[in-house]
Amino acid sequence: MNLAPRRTAPTVPLMVPLAAALSVVLALAGCTADDGGSGAAEEATSLSAPDAAPDGAPAPDAARAPEALSDEAFVPPYPEPYPEPGPVDPAGEEYDDSPESPFLDVATSPLSTFSADVDTASYSNLRRQVNQGVAPEGVRIEELVNYFDYDYDAPAAGAEHPFSVTTEVARAPWNPEHQLAMVGVQATEAVPTSEGNNIVFLLDVSGSMDEPNKLPLLAESFALLVEQLDERDRVSIVTYAGDNRVVADSVPGSEHGVLVDHLRSLRAGGSTGGAAGLTTAYELAEKNFVEGGNNRVILATDGDFNVGPSSPQELTTLVEAERASGVYVSVLGFGMYNLKDSMMEAIAVHGNGNYAYIDTLAEARKVLVDEFGSTMFVVAQDLKLQVELNPATVGSYRLIGYDNRRLADEDFDDDTKDAGDVGAGHSVTAFYELVPAGSDGGKGSDGGLKYSDREVGTSDDFMTVHVRYKSPDGGVSAASTEVEFPVGAAAYTTAPSADFEFASAVAELGLIATGSEYRAEANLDGARTRAAGALGADPYGLRAEFVDLVDAYREMG
């Protein structure tokens, strides 16, 4: 069963003829690796863009919103799913599974602190694994939940803060004696700059990328991104294998044909020196830096670095040293069998970027076209959440997911502590499983907290959500702002919203797929039933696809 995203975006005019945009050089799928990456060297000349924009190039639009591709126009250049090179063997893939959060006593641990996470790679990777009949690895529940859009109220125009918070509490579907609290943070869709994009494509062309679902898919994915750009934007392209090459330097984004030709000329071969490529990409991004604009490196790779600094620790040290420059790094993972998920997630986390996994051209369109603003433009930097639980109503609790995003409580007020960045239109959803307080209450901790000092208070709130963030135009040394959102007794409902029902079904699948110690009565039938009954408008068919994914997972036994 192929579970590639099904999308039904409305038809709109395209920026260039789509036949040209989606055609592919067939030799890409069949090229062979060589020891020194000489194929890349032959193609990797720094071509300057022509002086005139191609006919039909669109006029700039102030909102910088991407145009969606229509289903009629969307014709993948390859069959989907892509041909598999041989028997499924996930042994070469690397994942870093952090221990899940246990239940904590509110009396002794009333605060829960974590960094916002808008990565989605884990869901598309799980979908790929289930398609192959492979037991999922590297499942991060928050990334499953955050893959989907929810109908949270966005901040009003001109609002003081660039996000709103929505909360809802209901019975926990997998444990009727517990409650489940959903916290949703919705970022504004207003793009924070009109100064243009300075983007460096950092592309892995090593021998490990010589598969149909790697370099050819990468080239066509970035071709989709190029179509969103105009003359205010600048694009540079760096490739790396045994060495790294500057293929293009600050080409105007309106030169779609030039950039797409560069992408389709790439050939795979050689070893993988990713660290040197990162250094070159940062140098180009800083040389072409746009004040007040979006300055970003987009790294596309399977993560299989094997030349030079190659451990997660070495690479994260490199990107941490560079992030003070104001250049962010996003990571797109491609391929299978040797996917280094842990490496790519670490680079994105420490480089103030996001991480997505591209398994089909439809997924590339979701990430690089439909979610262009949220992928590219940060509206809230170093966003942290700290939830203060009320011991009068909650006896114990646990945060579901975010296992490698948890922070020490004191990190919440520490502006030097890096956290997640949220893009325009992004939403962040978190679930807390709550055990109601007993009739005897409990002792609070001494620390000037809202609900307790030495004795339990009388408030009937469930919790208060504290959000701290920095404005992206203030730089890394900017002071943060804190906003708090009480979650009162009125947040509890016996008729949860469709968003709550669907998101909790996704979380339930995550509990099952990870073999969570706390899954209680979680089951695929319950998750499927709730998800199928909460599809809502589902304009791109992603919720319906999730129902199919549950069916496919169940068939795996």
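Readers should treat all values here as calculations from the given coordinates under stated rules, not as data from a laboratory. Just so it is clear, the structure is predicted and the values come from calculations on it, not from any experiment. All Cβ positions, glycine included, derive from the backbone under ideal geometry; neighbour counts span all protein chains shown.
Multiply the residue gap between ASP261 and ALA495 by 0.36 nm, knock off their C-alpha separation, and tell me the result in nm, one decimal place. Write down the numbers at each step before the final one.
Numbers: separation 234, 0.36 × 234 = 84.24 nm, distance 5.38 nm.
Length gained between ASP261 and ALA495: 78.9 nm.
Order these peptides, 376-386, 251-261, by their mean beta-carbon neighbour count within 10 angstrom, highest first. Mind dumping the intermediate values first?
Values: 376-386: 24.7, 251-261: 21.9.
Taking the mean over residues of other Cβ atoms within 10 Å, the ranking is 376-386, 251-261.
State whether the stretch 487-542 is rounded, prolate or oblate according to the following rule on the C-alpha gyration tensor (a ≥ b ≥ c being the square roots of its eigenvalues): a/c under 1.5 gives rounded; otherwise a/b larger than b/c gives prolate, and the remaining case gives oblate. Each step should come with its number before you reach the end.
Working: a/c = 2.15, a/b = 1.11, b/c = 1.95.
It is oblate, given that a/c is not under 1.5 and a/b is not larger than b/c.
On a straight-distance basis, which lysines could pair with LYS384 in a cross-link, Cα separation under 25 angstrom, same-chain partners fewer than 8 positions away excluded?
LYS417, LYS450, LYS470
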